[in-house]
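First up is the structure itself, then whatever we jot down about it.
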Amino acid sequence: MDLLVVGSGFFGLTIAERAASAGRRVTVIDRRPHIGGNAYSEDDPDTGIEVHRYGAHLFHTSTPAVWEYVNRFTAFTPYVHRVYTTHRGVVYPLPISLGTINQFFQAAYTPDQARALVREQAGEFDPQRAANLEERAIGLIGRPLYEAFIRDYTAKQWQTDPKDLPAEVISRLPVRYSYDNRYFNDTWEGLPVDGYTAWLERMADHPRIEVRLETDFFDRTQPLHKQAVVGQVPVVYTGPLDRYFDEAEGELSWRTLDFARDVLETGDFQGTSVMNYADADVPYTRIHEFRHFHPERADRYPRDRTVIVREYSRFATREDEPYYPVAAPADRARVLAYRERASLEPDVHFGGRLGTYQYLDMHMAIGSALSMWQNRLA
Ligand code: FDA
């Protein structure tokens, strides 16, 4: 073995694939019983509809090198992501756009008129001097839109009143003064034609890559544990940064998600893939209806049944899957201390969303793995 990769998410698999293609023998370990990290998907046992087990994953990128690289392993469907939100029993398009504004204010504003209205309503606070998230949001988009679309949704995401959240949680709240409601602005987007797991398996399918599942880097009863390997062979570590150092600087905090799955006796529950719920009286933040991610599979998916997943957000405990970094001031100080320790580790390269304590979209995880390979490992 020339390289040990801890974690088989997109970061780890990109490193493993590049290294194997360059002639190195790579072992990838993952503590889960499947490869792919959070991008893993599987066919729902009751309906056969592909479900993303760790939350909906939409691929998008504007980086030519990443787009070229991912197309070696999968083709992409022409799926274009759009999100809607329900507020007081009415459905609006997101992100907030001219369509949202005109529907909300029951008006026919032109782009200039809508811009002037939002500017006037936002005058209540200076976003640069905001004392908390609520003041900053009002200073960016005005109170009426904030109270309808941001306040309760944010409170559900953080289990915290936005008045008690730091202003830094948001830097921008983009408003589009057009009817364009494509969710992503990237050059390329789409979903893997044969599903995420087929894509991830093709990345790992190389004679010089060995994958060992249900193998925890910190489990001293398995031969490739930390104490046995570090210093003997280069390691790319994509597990949690604090866990590597036994939380010596304190635990980094994360938000997690709970998913509640339901199979319904209808061919179409909500007419779209993602519906947000903006109001406080609905406890979940959104509902995913997975069949809508693949309209091209209509003839394969059942016509009279559908699978939906309600998503709930909360702070993670040690036992939960870490999903989104909280990045409170205490976390930021700890991350700096951990990075300092990481820089002193011989031959251990920290990467990925857990290893760097950063939210990374898939194209960012793949792009940063390609850079790490080229700049530090090749
Ligand atoms: P990832 O978490 O995927 O993989 C890390 C792996 O390390 C895991 O498999 C884990 O089991 C393993 N591991 C950890 N500790 C270990 C140990 N001690 N020993 C062995 N293995 C260990 N992106 C996007 O582009 N579009 C989208 O729509 C979404 N949607 C989305 C929704 C939600 C809810 C989340 C949380 C994230 C997204 N993402 C996304 C982001 C996407 O999930 C992210 O880019 C990739 O997971 C990053 O891949 P990594 O390899 O960095 O981590």
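The values are calculated or read from the model by the stated rules, or taken from the named source; none is laboratory data. The structure presented is a predicted model; accordingly, all values stated were derived computationally and were not measured. Using ideal geometry, Cβ is built from the backbone for each residue, glycine included, and neighbour counts are taken over all protein chains shown. Quick note on the areas: whole protein, heavy atoms, side chains included, nothing else; ligands and nucleic acids left out. Shrake-Rupley method; radii C 1.70, N 1.55, O 1.52, S 1.80 Å.
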Sulfur and carbon atoms: percent of accessible area, the chain [1.4 Å]:
48 percent
Extension reserve of the residue 112-residue 345 stretch, reckoned as 0.36 nm per residue once the Cα distance is removed:
78.4 nm
Quick one: if the Förster radius is 25 Å, what FRET efficiency do residue 172 and residue 256 give, using the C-beta to C-beta distance and rounding to 0.05?
0.50
Give the long-range amide H neighbours of residue 350: residues separated by 5 or more places, or on another chain, with amide H under 5 Å away, using H modelled in the peptide plane at 1.01 Å from N.
237
GNM, the chain, Cα, under 10 Å: largest mean-square fluctuation among 94, 344, 13?
344
Under a crude label model (7 Å from the Cα following the beta-carbon direction), how far is residue 358 from residue 212 in nanometres?
3.0 nm
Magnitude of the charge dipole, the chain, Cβ model with Lys/Arg +1 and Asp/Glu -1, debye to 20:
680 debye
Using the beta-carbon distance between residue 164 and residue 318 and R0 = 22 Å, what value does 1/(1 + (r/R0)^6) give for FRET efficiency, to the nearest 0.05?
0.40
In Å³ per residue, the alpha-carbon convex hull of the chain encloses 155 Å³
Evaluate 2.2 N^0.38 Å with N set to the residue count of the range 201-336, then give the Cα radius of gyration divided by it.
1.46
What helices in the chain pass both tests, a Cα length along the helix axis of 27 Å or more and a mean Kyte hydropathy of -0.5 or higher, using whole DSSP H runs?
none
To the nearest 20 debye, what is the magnitude of the charge dipole of the range 94-179 about its Cα centre, counting +1 on the Cβ of each Lys and Arg and -1 on the Cβ of each Asp and Glu?
240 debye
Value of D in µm² per second that Stokes-Einstein yields for the range 268-378, Kirkwood Rh from Cα pairs, at 10 °C (1.306 mPa s):
88 µm²/s
Most mobile of 237, 177, 277 in a GNM of the chain (Cα contacts under 10 Å):
177
Positive end of the charge dipole of the range 273-378 (Lys, Arg +1 and Asp, Glu -1 on Cβ, about the Cα centre): tell me which of 293, 371, 342 has its Cα farthest that way.
371
With every protein chain kept in place and ligands, DNA and RNA left out, what is the accessible area per residue of the chain? Probe 1.4 Å, answer in Å².
46 Å²
May I ask for the Kirkwood hydrodynamic radius of the range 94-179, worked out over all distinct Cα pairs and given in angstroms to one decimal?
13.0 Å
Gaussian network model of the chain, Cα springs within a sub-10 Å range: biggest mean-square fluctuation belongs to which of 331, 347, 299?
299
Exposed-site-free run, longest, the chain (rule: GluC sites (Glu not before Pro); DSSP loop; at most 16 other C-beta within 10 Å)
1-123
